[in-house]
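Following: one structure in structure tokens, then a few remarks.
What follows draws every value from the coordinates through simple rules; no lab data is involved. In this text the structure is predicted, and so the values were computed from the model without any measurement. In this analysis, Cβ positions are derived from the backbone assuming ideal geometry, glycine residues included, and neighbour counts consider all displayed protein chains.
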Amino acid sequence: MTLTSTVSSLVRLSVDGHFNREKFTADRLRKQLAAMVREKGDSYIGEIALPDGWWFFEVFRFSDAADGWDYYLPETREQEARLKAKLFRV
């Protein structure tokens, strides 16, 4: 997927565009993800508001091609715990 299509999917899944405990427009989320991935490496981990609560998610770039973006949204809290551990690794 492209970054734009990845962001569109995430915004559609979210409750009213809420990410990291704030309301985001699709454009703001796209700009933040692009900047964070550019600064921090190939992925970004954040929170998304879903109908069943707040969940961690990951957006990653696996290729330099324009369509080299994708996201990972855990299906269980156990999977989410592994993602949180990756985020908070010291």
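A few remarks follow.
- GNM top mover of 63, 43, 14 - the chain, alpha-carbon springs below 10 Å: 63
- Full extension of the chain segment joining residue 58 with residue 75 gains 4.9 nm, where the gain is 0.36 nm per residue of separation less the Cα-Cα distance.
- Contact order relative to length of the chain, as percent, for alpha carbon pairs under 8 angstrom and 6 or more apart: 28 percent
- Spin-label pair residue 50/residue 87, simplified geometry with 7 Å Cα→Cβ offset, distance in nm: 1.3 nm
- Gyration tensor (alpha-carbon) shape descriptor, the chain, a/c threshold 1.5: oblate
- The modelled label-to-label distance between residue 2 and residue 34, using points 7 Å beyond Cα along the C-beta direction, is 1.1 nm.
- The charge dipole of the chain, taken about its Cα centre with unit charges on the Cβ atoms of Lys, Arg (+1), Asp and Glu (-1) only, comes to about 280 debye.
- In sequence order, calculated HN-Hα J values of the range 50-55 (Karplus, 6.51, -1.76, 1.60; Hz; x Gly/Pro): 10, x, 9, x, 7, 10
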